[in-house]
Amino acid sequence: MTSSVKRISRRVDMLKKMLSPPQAVRKKEKQSRPKGYMARRAGAAAFWVLFSFMFLTVAVTLFSKTEKPYTPKATTVEAVENPAVKPEAVQFAKSFTTHYFNWGNSEEEKKKRQEKLKAFLAEGLDPQAGLNMEKVTWNSVYKSSAVKQVKERGSNKSLITFYVSAEFSRETKDEDEPETKNVSKYFVVPVAYDGHSYGVYELPKFTYMKEQTTVKAEETGLQKASSSPETSAVRRFLDTFFKSYTEDSTDKLAYILEDGTRIAGLNKSMTFVKVASADIYEGKKKGEYSVQSEVIMQDPESDMQFHTDYELAVKKEGGRFVVSAMNESEGDEQ
């Protein structure tokens, strides 16, 4: 057994010797390599490593998808206007009011009123819109109405308030002419919109409003001119200007206007009565004035008189006064 193992071992050694080149040959190969051979091989290897790195970098840059940063879209919520406050709703309520305040004692007039109100009233409401026709002792004729308030109620309802004027009348036993009286009421119409039509969704009601504006009179912020012969002359000039403003042609009115100023007169549609009051303020330059005046005009057809506010820019030019602007600050924002 031992001898067999030794024989096999010897044969393996012989094979190794046969397969491996002789030592002389290995030495010869090493001696045949030129100088710098290993350096060149190391340089070539470094070149291909760098080339491969650059190639991969370019490929990644060209073909990779760049994700844009997420920017959330701004969401805008549009305000939806309540259809029950639109002009159409106000007109609807006014038409209803017109028919509401027309009634009479006769059966025919009662039926006629009920038929007209039917087009406005929601189903289930009193066909006479709350008016007890059995207790009616006066006839009514609608005269006029003015919108006083439009108040939203939810998304499709509103309360529209009118100031209504009507003439009441009734027959009297002792007189040939009927007794009449003018009546004015604050009248509230509840209006709704269902997506198809407007309707009065509740019985109308009466209310009262104390009307008093909270708007204050505009302040000029200018220095009031002290009393002097010149301010007195400006005051007298106002009479001349407003008389020409109401009566004269454009060419004649231009005589008392600064060159380049265009003001259209009233062409005799109104008659100048007088300047009721005038506040004169110092202008930006000497000889320039701002005048706040209250002027009384009269309608030549009816002789009715009206008080109107006018703002004038007056300046002294060549020994006489001219108007350089009229009501020019109206509508300006403060």
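The values are calculated or read from the model by the stated rules, or taken from the named source; none is laboratory data. Source: prediction; values computed, not measured. Ideal geometry is used to build each Cβ from the backbone, glycine not excepted, and the neighbour counts take in all protein chains shown.
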Residue in the stretch 296-318 that is loosely packed, with under 12 Cβ neighbours inside 10 Å and under 23 Å from S228 (Cα atoms) present: yes
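Identify the residue in the stretch 128-149 that is assigned to a strand (DSSP E or B) and out of contact with any Ser or Thr (no Cβ under 6 Å at 6 or more places or on another chain) and, among all such residues, is nearest to V188 (Cα to Cα). Walk me through it before giving the result.
Our first condition is that a residue be assigned to a strand (DSSP E or B); within the stretch 128-149, this holds for 139-149.
Pick out the ones that are also out of contact with any Ser or Thr (no Cβ under 6 Å at 6 or more places or on another chain) and you get 140-141, 146-147.
Numbers: S140: 18, V141: 18, A146: 12, V147: 10 Å.
It comes out as V147.
For every residue, the table says whether it meets (1) closer than 30 Å to V141 by Cα; (2) assigned by TED's automatic domain parsing to the domain that holds N132; (3) exposed (fewer than 15 other Cβ atoms within 10 Å of the Cβ).
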{"site": "Y163", "(1), (2), (3)": "yes, yes, no"}
{"site": "D174", "(1), (2), (3)": "yes, yes, yes"}
{"site": "P178", "(1), (2), (3)": "yes, yes, yes"}
{"site": "S244", "(1), (2), (3)": "no, no, no"}
{"site": "T250", "(1), (2), (3)": "no, no, yes"}
{"site": "A254", "(1), (2), (3)": "no, no, no"}
{"site": "D259", "(1), (2), (3)": "no, no, yes"}
Output the number of residues of the stretch 150-170 satisfying the condition of being part of a strand (DSSP E or B) and of a type in the set (G, A, S). 4
Given (1) exposed (fewer than 13 other Cβ atoms within 10 Å of the Cβ); (2) assigned to a loop (DSSP other than H, G, I, E, B); (3) in contact with a strand residue (DSSP E or B) (Cβ under 9 Å, 6 or more places away or on another chain); (4) of a type outside the set (D, E), K268 misses just (3)
Selection within the stretch 171-200 - in a loop (DSSP other than H, G, I, E, B) and closer than 20 Å to F101 by Cβ: E171, P178
Test for E115: is it loosely packed, with under 12 Cβ neighbours inside 10 Å, of a type in the set (D, E, K, R) and modelled with pLDDT under 95: no
Consider V291 against the criteria (1) in a strand (DSSP E or B); (2) more than 20 Å from R320 (Cβ to Cβ); (3) in contact (Cβ under 8 Å) with a residue 40 or more places away in the chain: it satisfies all of them except one. Which criterion is unmet? (2)
